[in-house]
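Following: one structure in structure tokens, then a few remarks.
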Amino acid sequence: MTTAFDRFCKYNFGKIVLVISLVVLLSEQAKAEVPIHYNAEAIGYASSYGEYAPYMMASNRHGTLSQSKGAQLRLSAFNFTDTTKRFSYGFGADLIAGAMSATHYDYYNPDTDNNSIKRSVRPAHLFIQQLYGELKYRGFFITLGMKEYNSVIVNHELSSGDLLYSGNTRPIPEIRVGFIDFQNVPFTNGWVQVQAEYSFGKNMDNSWLENHFNYNGGWDDHITTDAFFSYKRFYFRTKPSQPFSLTIGLQAAMQTGGTVRHYVRGVVTDEYTDKLNFKKMLQTIVPTSSNEYGNYYKQGNSVGSWDVRGRWLFKNNAELCAYYQSPFEDGSGIGKLNGFDGLYGLEYKSDKPWYISSAVVEYFDFRNQSGPIHFDSDYNYESGQHRPGNATGKDDYYNNYQYSGYQYYGMSLGSPLLRSAFYNLNGSNFFLHNRVYGFHIGLAGFLYRGLQYRALLSWRTSLGTYDYPLTERQRSLSALLELQYDIAGVKGLRVKAQFAGDKGAIYHDNFGALVGLSYSGLFNIK
């Protein structure tokens, strides 16, 4: 049953963004000019495997491409916030239309003669990728709508992806408030800066979850619809004009609210609705314990990471950065009981365009997860299993007993290194490969005047999960080469080509290619 708040989000969201955009436009002086940055892009792509695109082609592109074959036309227009002014505003609209192949899921069903049931899921032919309005005053901003965001810690173009908010899936409709970039802390003379953000939004992927889910599996699995999503971060940074600068802080996200239904062989074995109220909204800012449903736990599905990034600025303005992200799901990860788990990276940026203008090398390891056993004497008190001591392990990254994983439209909200549920052709919503380790390399630069390249390579080994371990380790090698050329004599016109492939058991052996043509420009509205 939908609530009034759900209907408000669903039917009035676009109207709210439009009203905010009109208000900020009318609030400016009539003689002011509004710069509009526009872009039109057409792409076509195909891959050898019939179910989904190669991993590198689909990852960290805000969920715009996932199917094996397709053609898209993308039209966008933006007015970017002017950070040099005391008061400023921005807005944007981004539409994607196209035709894409379906993903064919083959579900296990113990009640049929051949133990199989097939279903096809195809993306919409037209969808809104971004639609937002935002206001800025001094160092503060507020944004309402769907807007693409990238990581503060890692390079979005070259990294394997931020562990908490990678830009791997479509934007969630939300309200977001915080500081514009880093702001000086008073009385520190700029030696200490702070950046903080908080958002609260509504997941709109019910249809995808319901179409993908295997209701007839022979195991206990669950689906959660109408959930809400909250994200926050808090970073400190030392003076960036100095040769060495350090950024340190944390990110945290939470899924809350929604209706949970557990199924075994098509029969609902448990169902409950976690109704949203003001108290639970406050708990997205400061999580507190709850004893609903006879259990003691932190409200909602909480995920986070401790982040550290150091940057050395050379005299020629080239940069060398080292960073580390440590994931956590609960107190054991916060207390760093998960051993060596995390993302370790080095990034280099040249002071000028060159054959290698920027480079990233990363090592990642998620095998520990605070150990294979989870037992908390307080948590199990009512079940009659009270024993002294705790074993607070089995963090089970991105999975949750109440929510359909840390995902949106089937793609991981965090790092795509942990294979998303979209790739589960058996209809499971679990992350089935979250105990993985390996390395990643990214390079970008110029081969010739106007000709840019980007090259990515990832290798990983998976042990499965603690609940569903693999009998044999599975490995996968993924690679991508992208070429972009700015056509001389036509400013803003660019052609693009991508070649990507997977080899190994984690992803099906797959090779794909993409070609695209885009045109961007700027005009002013008085």
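In the chain, with Lys and Arg counted as +1 and Asp and Glu as -1 at Cβ, which of these residues, ASN399, PHE430, THR169, has the Cα nearest the positive end of the dipole, that is, farthest along it? Farthest towards the positive end: THR169.
Tell me, rounded to the nearest percent, the portion of alpha carbon pairs in the chain spaced more than 30 Å apart. For the chain, the fraction of Cα-Cα distances above 30 Å is 52 percent.
Placing a label point 7 Å from the Cα of THR188 along the Cα-to-Cβ direction, the residues of the stretch 317-360 whose backbone N falls under 20 Å of that point are 322-324.
Nearest 20 debye, what's the magnitude of the dipole of the stretch 150-239 about its Cα centre given +1 on Lys and Arg Cβ and -1 on Asp and Glu Cβ?
Values: 7 positive and 10 negative charges, 118 e Å.
So the magnitude is around 560 debye.
Using R0 = 45 Å, the C-beta based FRET efficiency linking LEU75 and ALA318 works out to 0.75.
The stretch 174-294 has equivalent-ellipsoid semi-axes of 41, 16, 12 Å, by the square roots of 5 times the alpha carbon gyration tensor eigenvalues, sorted largest first. Model label sites at ARG473 and LEU126, defined 7 Å from Cα along the beta-carbon direction, differ in position by 5.1 nm.
Ignoring lysines fewer than eight residues from LYS118 along the same chain, the ones with Cα atoms less than 29 angstrom from its Cα are LYS69, LYS503.
Among LEU337, SER370, VAL515, pick out the residue whose Cα is farthest towards the positive end of the charge dipole of the chain, where Lys and Arg carry +1 and Asp and Glu carry -1 on C-beta, about the Cα centre. Farthest along the dipole direction, towards plus: VAL515.
Counted residue by residue at 0.36 nm each, then reduced by the alpha carbon distance between them, the extension gain from THR259 to LYS352 reaches 28.2 nm.
Evaluate the charge dipole of the stretch 32-94 about its Cα centre and quote only its size in Debye, nearest 20, assuming +1 on the Cβ of each Lys and Arg and -1 on the Cβ of each Asp and Glu. Walk me through the intermediate numbers first.
On the way: 5 positive and 5 negative charges, 18 e Å.
With Lys and Arg at +1 and Asp and Glu at -1, about 80 debye.
Neighbours of MET146, meaning other residues whose beta-carbon lies under 9 angstrom from its beta-carbon, give a summed charge of -1 when Lys and Arg score +1 and Asp and Glu score -1. Charge dipole of the chain (Cα centre as origin; +1 on each Lys and Arg Cβ, -1 on each Asp and Glu Cβ, all else neutral): 1700 debye, rounded to the nearest 20. Which lysines have a Cα less than 18 Å from the Cα of LYS232, not counting those fewer than 8 places away in the same chain? Cα-Cα hits under 18 Å: LYS147, LYS202, LYS279, LYS280, LYS298.
What does the charge add up to near SER476, with Lys and Arg as +1, Asp and Glu as -1, over the other residues with Cβ less than 13 Å from its Cβ? Spell out each step's value before the answer.
Numbers: positive: ARG419, ARG460, ARG473, ARG475, LYS503; negative: ASP502, ASP509.
Cβ neighbours under 13 Å give a net charge of +3.
Bear in mind that the values in this text are calculations on the coordinates, not laboratory data. Small disclaimer: the values here were computed from a predicted structure and weren't measured. Cβ coordinates were reconstructed from backbone atoms using ideal geometry, including for glycine residues, and neighbour counts include every protein chain displayed.
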